[in-house]
Amino acid sequence: MRVAIILASSLLLATPALPAAPHVDLMLSETEAAEMRASLGKYPMFDAAFEEARAKIGKALVSPIDVPVPKDAAGYTHERHKQNYNEMYLAGILYQVTGDDRYAAFVRELLRRYADLYPTIGIHPAAKGSSPGKLFWQSLNEAVWLVHVSQAYNAVYDTIAPAERARIEKNLFRPMARYLSVERVNEFDRIHNHGTWTATAVGMIGYVMGDETLVKKALYGSKMDGSAGWLRQLDELISPDGYYCEGPYYARYALWPFFIFAEVVERNDPALKVYERADGRLGKAVPAMLQQTYV
């Protein structure tokens with residue numbers, strides 16, 4: 001405990017400036033970040049998790065940044081793009097909690113590199129099947145990347161010059177959202193965990209960019225008429241008693257984007273009352289999943 005308190009205290013003393021409120025309230029508001037900051041040194045498990053994240057990103061800060069041209073389906077380039085989105089996500093949280101601009105600068109540089117890369121690549125060279133990606137061999141991985149990176153972008157949004165934000169959105173986020181929702185429309189509108197992840201990704205970056213059309217597509221499907229989209233998936237993929245239709249094998253992974261986007265929608269469009277929708281079945285999904293673990 002004493003070591004954790006010393007580490008946390010030294011970190012805070014080294015970073016006198018605190019970050020501005022996040023651009024949009026996605027998953028971590030200014031108040032929540034302040035609560036996390038105030039909790040440092042009080043709770044051993046939280047301190048350990050915070051220090052683990054700080055050590056991981058501290059290592060990334062002094063390592064070469066690599067945004068490779070996609071090549072393989074399970075080798076270095078695949079794993080590097082996964083590593084990059086995880087590190088951006090953690091760095092964004094650390095910036096919100098500490099105000100240390102080193103974390104924001106790390107996210108900014110990676111976003112710049114991806115904005116350089118994305119316009120130059122086509123379909124992934126190792127793509128197979130009917131749902132190819134560009135950064136990854138399948139579009140599902142692309143959606144997971146965007147769910148994480150949209151949060152990192154939101155966390156550091158106000159630290160990026162307007163002209164650079166415009167370039168990043170033009171070269172990276174808008175083409176990616178278009179690829180997922182237009183060029184991969186069958187996957188986007190699919191009532192399936194791939195569709196849930198894709199709708200969540202497009203909706204989250206839509207909220208960050210203030211693009212109401214992307215948000216509406218995410219919620220109601222590509223035709224924006226309710227025939228598909230995240231809300232339809234919520235209605236059809238989870239039973240009235242909380243059972244996820246693909247079974248317990250996939251439930252944890254498949255429910256993740258439901259809960260992430262539900263919280264984002266609740267914070268930004270509370271009139272939709274997503275937690276009350278379909279007789280509150282989303283709230284039943286986790287207990288139902290846990291019940292299926294009983295032997």
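Filtered by the rule that a residue be among the small types (Gly, Ala, Ser) and either under 23 Å from residue 264 (Cβ atoms) or assigned to a helix (DSSP H, G or I) (or both), the range 20-57 gives 20, 21, 29, 33, 34, 38, 39, 48, 49, 53, 55.
For the range 248-280, the set of residues classified as open to solvent by less than 20 Å² (accessible area, probe 1.4 Å) and touching a residue at least 40 places away in the same chain (Cβ under 8 Å) consists of 251, 254, 257, 258, 260, 261, 264, 265, 274, listed by residue number.
Within the span defined as the range 57-65, one or more residues are closer than 30 Å to residue 124 by Cα and open to solvent by less than 40 Å² (accessible area, probe 1.4 Å).
In this structure, residue 90 does not qualify as aliphatic (A, V, I, L, M) and open to solvent by less than 20 Å² (accessible area, probe 1.4 Å). Residue 88 passes every criterion in (1) in contact (Cβ under 8 Å) with a residue 40 or more places away in the chain; (2) part of a loop (DSSP other than H, G, I, E, B); (3) not β-branched (Val, Ile, Thr) apart from (2). Restricting attention to the range 37-56, the residues that are in contact (Cβ under 8 Å) with a residue 24 or more places away in the chain, open to solvent by 50 Å² or more (accessible area, probe 1.4 Å) and of a type in the set (A, V, I, L, M, F, W, C) add up to 1. Checked against (1) under 26 Å from residue 166 (Cα atoms); (2) surrounded by 19 or more Cβ atoms within 10 Å (Cβ to Cβ), residue 122 passes all but condition (2).
Tell me whether the range 117-129 contains one or more residues that are small (Gly, Ala, Ser) and either under 20 Å from residue 24 (Cβ atoms) or not in a loop (DSSP other than H, G, I, E, B) (or both). For the range 117-129, residues small (Gly, Ala, Ser) and either under 20 Å from residue 24 (Cβ atoms) or not in a loop (DSSP other than H, G, I, E, B) (or both): absent.
Residue count for the range 92-114 under the criterion of being touching a residue at least 60 places away in the same chain (Cβ under 8 Å), over 29 Å from residue 132 (Cβ atoms) and part of a helix (DSSP H, G or I): the result is 7. Can you work out which of the residues in the range 218-247 that are modelled with pLDDT of 95 or more, farther than 20 Å from residue 273 by Cβ and within 22 Å of the chain's Cα centre (by Cα) is surrounded by the most Cβ atoms within 10 Å (Cβ to Cβ)? Filtering the range 218-247 for residues that are modelled with pLDDT of 95 or more, farther than 20 Å from residue 273 by Cβ and within 22 Å of the chain's Cα centre (by Cα), the one surrounded by the most Cβ atoms within 10 Å (Cβ to Cβ) comes out as 228. Where helices (runs of 4 or more DSSP H) fall wholly inside the range 176-270, the ranges with 1 or more residues that are of a type outside the set (Lys, Arg) and in contact with a His (Cβ under 7 Å, 6 or more places away or on another chain) are 185-188, 193-209.
The values are calculated or read from the model by the stated rules, or taken from the named source; none is laboratory data. The shown structure was predicted, so the numbers you read here are calculated from the model rather than taken from an experiment. So basically every Cβ, Gly included, is an ideal-geometry build from the backbone, and we count neighbours across all protein chains shown. Just so you know, the surface numbers come from the protein's heavy atoms only, side chains and all, with ligands and any DNA or RNA stripped out. Shrake-Rupley method; radii C 1.70, N 1.55, O 1.52, S 1.80 Å.
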